[in-house]
Amino acid sequence: MVVCGALIVAPHASIYTPQDLAHRLVALDYGNGTAYAGLQMLESAMPREAVNTRSFDANTAKRFAALMAGEFDATVVQEPWITVAEKAGCRLVSTTFFYGTWVANDTIDAETYGAFVRATTEAARRINADKRSYVRYFKTHDFEPTPEVQALSLDDFNLSRLQVKAPEPIPEADARWDWDWMSSWGVLSGEYDIESQINVAVQAAAHAGG
Amino acid sequence: MLRTMVIEPVRAFNGMDVLVALDEDLFAAEGLEVQCASREPGDMRSTADGTLEQPVSAQGLLQKRGAASMYQA
């Protein structure tokens, strides 16, 4: 699955670009992909010392409400809250996409993971063939039902933000880059070790079984 | 042989493909039963309590406890 993350500011904020967020407070849900996507959007626009973030709840509805209450200058949200934010007049100053990665323990063998890959590959094909229909999942499978999300119609969603891709093996170079990047922010430590991160044999067998 | 896999719950923004595969019996067609593990009270610890270097996240918690074999990061 490809996740879309948007860096949003309140409707009347005098912030129009990521650069405008230098030294401004940005709330992120540390520990989740959305937070790291937020850091990448910020650091692409300013020196690291100008990046000013604080931790906040992973529940997107809570981050959106706090943004609107003026608790911080910006935050990063995913769908359906990107659409909620746009309808509320918020400004998207940056958007990005990032992969969700499945983390399995050693009870998952190649045959089981291969079946999972084949099923989600077919699901990705079906979603991409009829995105407008499937955006209903954004309304039914969020953190919890909220009036803001329930008020959305399927036509409100920007389909270009729904990107679904069939699972593929993790490129080693990408995994190494991610490790090094997270280490540079102090989230991880030590040298990257592919054998402790990716079971190459299971991954290869699972993806070859199609 | 029907295989069973228990995963941590997903939401549409990060797991629409899984949700569709469940609803449209695509896992079953592959001989796979996928179950979403249930979270217990207290599992959804607030990320607000963490720091960048020491984040607090529910991701992986159920796998760590042995209640799920996969989660999405």
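Miscellaneous remarks
- Residue in region A:31-41 that is farther than 12 Å from A:Ile8 by Cα, part of a loop (DSSP other than H, G, I, E, B) and within 9 Å of another protein chain (Cβ to nearest Cβ) present: yes
- If you filter region A:154-186 down to residues that are within 11 Å of another protein chain (Cβ to nearest Cβ) and closer than 15 Å to A:Val103 by Cβ, you find that the one that is surrounded by the most Cβ atoms within 10 Å (Cβ to Cβ) is A:Pro167.
- Subset of region A:90-119 (residues that are out of contact with any Gly (no Cβ under 7 Å at 6 or more places or on another chain), within 10 Å of chain B (Cβ to nearest Cβ) and under 15 Å from A:Val3 (Cα atoms)): A:Tyr99, A:Thr101, A:Trp102
- Qualifying positions in region B:58-71 - buried (at least 20 other Cβ atoms within 10 Å of the Cβ), at the interface with chain A (Cβ under 7 Å from one of its Cβ atoms) and either part of a loop (DSSP other than H, G, I, E, B) or of a type in the set (D, E, K, R) (or both): B:Ser69
- Looking across region A:163-177, the residues that are touching a residue at least 24 places away in the same chain (Cβ under 8 Å) and either aromatic (Phe, Trp, Tyr) or under 18 Å from A:Thr121 (Cα atoms) (or both) come down to A:Gln163, A:Val164, A:Lys165, A:Ala166, A:Pro167, A:Glu168, A:Pro169, A:Ile170.
- Filtering region A:1-48 to residues that are over 28 Å from A:Val117 (Cα atoms) and of a type in the set (Val, Ile, Thr) leaves A:Ile8, A:Val9, A:Ile15, A:Thr17, A:Val26.
- Of residues in region B:1-38 being in contact with an Asp or Glu (Cβ under 8 Å, 6 or more places away or on another chain) and not in a helix (DSSP H, G or I), the one farthest from the other protein chains (Cβ to nearest Cβ): B:Ala37
- Residue that is farther than 20 Å from A:Ile170 by Cβ and in contact (Cβ under 8 Å) with a residue 12 or more places away in the chain, where the choices are B:Glu24, B:Glu40, B:Glu33: B:Glu33
Here, each number is a calculation from the coordinates, and none is a lab measurement. As the structure is a computational prediction, the values presented were derived from the model and not from experiment. With ideal geometry, Cβ positions are generated from the backbone for all residues, glycine too; neighbour counts draw on all protein chains shown.
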